[in-house]
């Protein structure tokens, strides 16, 4: 165990930097769970009123739920290109900034914004799914 601790000290400049990386990974993993359960737990009627959706409620709920796995597949596919062109830390920071931007855009009460942001949330979910496992594998001494 002493060797593993020595390797971590040599790799990271400070314990503070290591804590920030672990916090970043934890928040990314939290986002995965949040996105997957968010629209399954809220009242669809309220969402349809807020975003002024006049489509059939069954179609709307199905489409909102459908956007997540499709987006996650796209995000998982795109992750290999993003990982090639950036470091792991840069990768997760880029995705975090994109998530914050999409969350701000989600405040626009229009149904096309809701559907497109839901698809983007799925893409970010796929991107997070690829990087979180790499980080956890790197830090867990198995």
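Scan region 86-102 residue by residue and report those that are modelled with pLDDT under 85 and exposed (fewer than 12 other Cβ atoms within 10 Å of the Cβ). Passing the criteria: only 87.
Here are 27, 18, 106, 64: which of them is out of contact with any helix residue (DSSP H, G or I) (no Cβ under 6 Å at 6 or more places or on another chain), farther than 17 Å from residue 129 by Cβ, surrounded by 11 or more Cβ atoms within 10 Å (Cβ to Cβ) and modelled with pLDDT under 85?
On the way: 27 fails: farther than 17 Å from residue 129 by Cβ; 106 fails: out of contact with any helix residue (DSSP H, G or I) (no Cβ under 6 Å at 6 or more places or on another chain); 64 fails: out of contact with any helix residue (DSSP H, G or I) (no Cβ under 6 Å at 6 or more places or on another chain).
From the options 27, 18, 106, 64, the qualifying one is 18.
Taken over region 46-82, residues that are without any contact (Cβ under 8 Å) to a residue 60 or more places away in the chain and either under 13 Å from residue 112 (Cα atoms) or not in a helix (DSSP H, G or I) (or both) amount to 10. Restricting attention to region 52-61 and to residues that are in contact with a helix residue (DSSP H, G or I) (Cβ under 7 Å, 6 or more places away or on another chain) and more than 23 Å from residue 124 (Cβ to Cβ), the residue that is surrounded by the most Cβ atoms within 10 Å (Cβ to Cβ) turns out to be 57.
The values are calculated or read from the model by the stated rules, or taken from the named source; none is laboratory data. As the structure is a computational prediction, the values presented were derived from the model and not from experiment. Note that each Cβ is placed from the backbone with ideal geometry, even for glycine, and that neighbours are counted across all protein chains shown.
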